[in-house]
Amino acid sequence: MCGIIGATGPIPVAKILIEGLERLEYRGYDSAGVALVVEGGIWRTRAAVSTVSMKSLADAVVNAPKVLDAGVGHTRWATHGAPNERNAHPHSDCTGKVAIVHNGIIENHAILSSRLIEDGHNLASDTDSEVIAHLVEENLRDGSSLTQAVLNTLKVIEGTYAIAAVRSDEPGTVVAARNVSPLIVGVSEGASYVASDIPAILGRAEKYFSVADGQVVTLKGENLQVDVVGEAPGELMPLEVSWDLDMAQKGGYESFMLKEIDEEPRAIADTLRMRGIEAIEMFDELNLDPAVLRQIDKIFLVACGTSFHAAMVAKYAFEHWCKIPVELDIASEFRYRDPVVDGKTLVIGVSQSGETIDTLQALREARRLGSHAIAVANVVDSSMTREADGVLYTRAGPEIGVAATKTFVAQVAILEAFALSLAELRNTLYKSETELLMNELLTIPLKVERAIARASEYRSVAKEIGDSKDFFFLGRHVGYPTALEGALKLKEISYLHAEGFAAGELKHGPIALIDSSSVVIGVATRGRLWSKVLSNLEEVRARGARVVVVANEDDTQTAHFGDYVFKVPSTHELFAPLIDIIPLQFLAYDLALQHGNDVDRPRNLAKTVTVE
Ligand code: AGP
């Protein structure tokens, strides 16, 4: 995925684009660039971010000629073409009078570029996106406006896109269009903006709108004109944005990841809204009749990465409290394995971004097969929220760090709150039981805060074990997804070898890997399998591994089973992942710093993956 931005009006366009790109870097940082409409043409600057930082892009922009009230910018996560300057957006046409930025994939780009080259166009990059600039160039030849040329271009391109285009002959104008890839528009007095995501223009716009598939928006100062392709609606949909600027900025923290770990108590509290047990009807956007929910006889949870681990925790909760069989699927596998779903199946897609293509496709497949489909998402009006029957929103605020932290706990919290309400609705728990559990869930923000207050303890353990190259995370029951998530965090940002295992499975093979150079992190907070986890830890200690135990702070026994201990507050065992993950996030964070890595921008990763 990539991030795009455009701005128009008598405003400091170049500065706004650069700041917006900085806030969009979580969507990709292989390269970045801006194009500005200036006297006599388009002025472009581009940089491969690994070699030239965003700062030098900002320095270059200072020397740009006077900007004529319009420009576009792009930050890239490479799909077609190496991550170098040549392939960086904005792309231009042969005349140099048009510049475009694109997020998505133009599926028929190979046919289009062969045809364009035959017709004498000079394509300067290896990207799929550049064809758009040349097609717009062709469509302008009959005297069409930029808007009309974009509309005609969309008739021949196939694939997914969010596009923004500028033209030197139309100063003060940006034309944007969308198909599948996210796009929003913001307006303030005298100016308007377009971007892939809200954080890019937070604090600038006063009103926000979501652009629908098939809409082409022409932005000129504060004026918006909407044209459509096919059946698209003729009006933009207003967006209610509750995020503020502070949420999208580091606010004095050394990284977004650290800030977002610190925000976890609030992310959980806001997600639960601290309202106590909610009847199903109180989940505002769920949109499913309680009668339907009573009839559900199977749940599928589909997700990727960290969201998959949150879904895995939820499987234990749904089965235990609601007595409904739950299948758990990696989203990219779901639709290729002939899942058996019907009108009594509830498919829940779990996703921070609401845009991950694998999860989105799984939800589409679920609906096509006739099941009910809901999305758990953090981004309002993201694709999944629009395509699913209903939504359970996490209210974690924007998550910019590529490694998911606060959204993991928010996802677990909302899924568990939903499981409790469902259990009450289906009479698998007494109201008094759900109330007790919900009251405990509502104490979690404070307990997470207490865990975060121990950060310096966790970080000093990280120093002790930082010399190891192999990390094994073990857990059982809900400690298993916690272990998987701990390992994922570590490998994502420290690039060290880390694996998570169901602790009982180790003896069936992976234990062969353990030796005195290994570090084993055991999730050993009190739960039904606590003593079995301890036995599994003894097995690895006997083979020389250094062991770190995650143990409850009031537990005097467990610490003896490890060389080091991460103490955490205790809670009901099904809520434990919300707290136990905290030291593992700090561990990953510290080891990444020890290795000199950029924790917010780990290599090869993008925050949201919109390609299969
Ligand atoms: C999390 O740290 C990762 N960056 C990644 O695994 C992520 O969770 C996954 O790509 C799913 O994203 P989503 O939640 O936006 O769908």
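The values are calculated or read from the model by the stated rules, or taken from the named source; none is laboratory data. These numbers were taken from a predicted model, which means no experiment stands behind them. Ideal geometry is used to build each Cβ from the backbone, glycine not excepted, and the neighbour counts take in all protein chains shown.
So, restricting to helices (runs of 4 or more DSSP H) that lie completely within the range 416-495, which ones have at least 3 residues that are surrounded by 23 or more Cβ atoms within 10 Å (Cβ to Cβ)?
431-453, 479-494
From Tyr253, Tyr208, grab the single residue that is closer than 18 Å to Arg23 by Cβ and in contact with a strand residue (DSSP E or B) (Cβ under 8 Å, 6 or more places away or on another chain). Even if it seems obvious, please write down each step before you answer.
On the way: Tyr253 fails: in contact with a strand residue (DSSP E or B) (Cβ under 8 Å, 6 or more places away or on another chain).
Of Tyr253, Tyr208, the one residue that is closer than 18 Å to Arg23 by Cβ and in contact with a strand residue (DSSP E or B) (Cβ under 8 Å, 6 or more places away or on another chain) is Tyr208.
Taking the stated definitions as given, is Gly522 over 23 Å from Arg27 (Cα atoms) and in contact with a Leu (Cβ under 6 Å, 6 or more places away or on another chain)? Break it down stepwise before answering.
Working: over 23 Å from Arg27 (Cα atoms): yes; in contact with a Leu (Cβ under 6 Å, 6 or more places away or on another chain): yes.
Judged against the criteria, Gly522 is a match.
Would you be able to say whether some residue in the range 431-446 is among the basic types (Lys, Arg) and in contact with a Leu (Cβ under 8 Å, 6 or more places away or on another chain)?
no
Among Ala551, Ala592, Ala498, which is within 16 Å of the ligand (Cβ to nearest atom), in contact with a Lys or Arg (Cβ under 7 Å, 6 or more places away or on another chain) and not polar (S, T, N, Q)?
On the way: Ala551 fails: within 16 Å of the ligand (Cβ to nearest atom); Ala592 fails: in contact with a Lys or Arg (Cβ under 7 Å, 6 or more places away or on another chain).
Matching residue, one of Ala551, Ala592, Ala498: Ala498.
Give me a count of the residues in the range 499-525 that are crowded, with 17+ Cβ neighbours inside 10 Å and either assigned to a loop (DSSP other than H, G, I, E, B) or polar (S, T, N, Q) (or both).
Qualifying residue count, the range 499-525: 4.
Of Ile348, Ile296, which residue is surrounded by fewer than 23 Cβ atoms within 10 Å (Cβ to Cβ), out of contact with any Gly (no Cβ under 7 Å at 6 or more places or on another chain) and in contact (Cβ under 8 Å) with a residue 24 or more places away in the chain?
Ile296
Just a yes or no: is a residue in the range 406-421 in the same structural domain as Met282 (by TED's automatic domain parsing), farther than 23 Å from Gly305 by Cβ and touching a residue at least 12 places away in the same chain (Cβ under 8 Å)?
yes
Pick from the range 371-387 the residues that are at pLDDT below 95 and more than 11 Å from the ligand (Cβ to nearest atom): which of them is surrounded by the most Cβ atoms within 10 Å (Cβ to Cβ)?
In this case the residue turns out to be Thr385.
Is it true that some residue in the range 328-338 is among the small types (Gly, Ala, Ser), more than 15 Å from the ligand (Cβ to nearest atom), surrounded by fewer than 20 Cβ atoms within 10 Å (Cβ to Cβ) and farther than 25 Å from Leu429 by Cβ? Don't jump to the end; show me each part of the working.
Within the range 328-338, the subset among the small types (Gly, Ala, Ser) is 331-332.
From what's left, more than 15 Å from the ligand (Cβ to nearest atom): none.
No, because not a single residue in the range 328-338 is among the small types (Gly, Ala, Ser), more than 15 Å from the ligand (Cβ to nearest atom), surrounded by fewer than 20 Cβ atoms within 10 Å (Cβ to Cβ) and farther than 25 Å from Leu429 by Cβ.
Given the conditions (1) away from the ligand (no atom under 16 Å from the Cβ); (2) among the β-branched types (Val, Ile, Thr); (3) in contact with a Ser or Thr (Cβ under 9 Å, 6 or more places away or on another chain), report the number of the one that Thr359 does not fulfil.
Status for Thr359: all satisfied but (1).
Assess whether Ala303 counts as being touching a Leu at 6+ places or on another chain (Cβ under 7 Å), of a type outside the set (S, T, N, Q) and either modelled with pLDDT under 90 or within 14 Å of the ligand (Cβ to nearest atom) (or both).
Values: touching a Leu at 6+ places or on another chain (Cβ under 7 Å): no; of a type outside the set (S, T, N, Q): yes; either modelled with pLDDT under 90 or within 14 Å of the ligand (Cβ to nearest atom) (or both): yes.
Taking the combined requirement at face value, the residue does not satisfy it.
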